[in-house]
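The values are calculated or read from the model by the stated rules, or taken from the named source; none is laboratory data. A quick note: this is a predicted structure, and the numbers were derived from the prediction, not measured. No Cβ is skipped: glycine too gets one built from the backbone with ideal geometry, and neighbour counts run over all protein chains shown. Ligands, DNA and RNA are excluded from the accessible area calculation, which covers all protein heavy atoms including side chains. Shrake-Rupley method; radii C 1.70, N 1.55, O 1.52, S 1.80 Å.
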Amino acid sequence: TRIGFTPDGRRVWFAGNGLVLEWQLDLPQPDPDKPITREFAVRSLLPTSFAAQGNRLLIGGSAEERIQVVDLTSGAALPAIDFPGATSIGFMRTRPILWAASSNDGLRLWNSRTGAELMTIMLLPDQRFVVVAADGRYDTN
C-alpha cells in the first residue's frame, strides 16, 4: 500500500491491492471512525509513487505495466501512459513536462499538456548514457 498527500495537505491518496482511494481531510465526517473516501476508477496492485498536477493524479508502480491517470474532478480513469515499472513519477514545476523513472526503461519525459513523448534517457554502466528523442535523434557518451 502507498499513501500520498496533496501538496496543500487537504487530501490523502491510498493505493494498493487493486484499489485507489481519496480521503478529503477538510470535509465533515459524520462518523469519525469511518472517514468518507472516494474510490477512483483505476486499479493499482503495487504502487510506488504518486504525482499530481491540476486535475490529474498519476499512479506508478514497479510491477505495473502502465502509469494510471485519474481525473481528480470526476474520479474517472484517463488514458494510461505506457511505461512499465515506473518507480518514480513527477511533474516539472517550471515547464509542462511529466517525467517517469524505471529500473528497466530508464528516464522518460513527456509533454504534460499533449502527452507527446519528448525523450528517453538510458543510464548504462560506467557512467555511460544514451539519450533518444521522439523523432529518433540520439546522443551518447
*Based on Cα positions only, what radius of gyration and what Dmax would you give for the chain, in angstroms?*
16.8, 60
*asked:* Between residue 76 and residue 134, what is the label-point separation in nm under the 7 Å Cα-to-beta-carbon projection?
replied: 2.4 nm
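So how much slack lies between residue 31 and residue 55, counting 0.36 nm per residue of separation and subtracting their Cα-Cα distance, in nm? Working shown, then result.
Numbers: separation 24, 0.36 × 24 = 8.64 nm, distance 2.82 nm.
Once the chain is fully extended between residue 31 and residue 55, it gains 5.8 nm.
Any chance you could run the full-extension gain for residue 111 through residue 39? It's 0.36 nm times the residue separation minus the Cα-Cα distance, nm to one decimal.
Numbers: separation 72, 0.36 × 72 = 25.92 nm, distance 2.77 nm.
Net length gain for the segment: 23.2 nm.
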*Name the residue, out of 51, 77, 101, whose mean-square fluctuation peaks in a Gaussian network model built on the chain with Cα pairs under 10 Å.*
77
*At a probe size of 1.4 Å, how large is the accessible area of residue 99, to the nearest 10 Å²?*
70 Å²
*Set the Förster radius R0 to 25 Å, insert the Cβ-Cβ distance between residue 23 and residue 92 as r into 1/(1 + (r/R0)^6), and round the FRET efficiency to 0.05.*
0.35
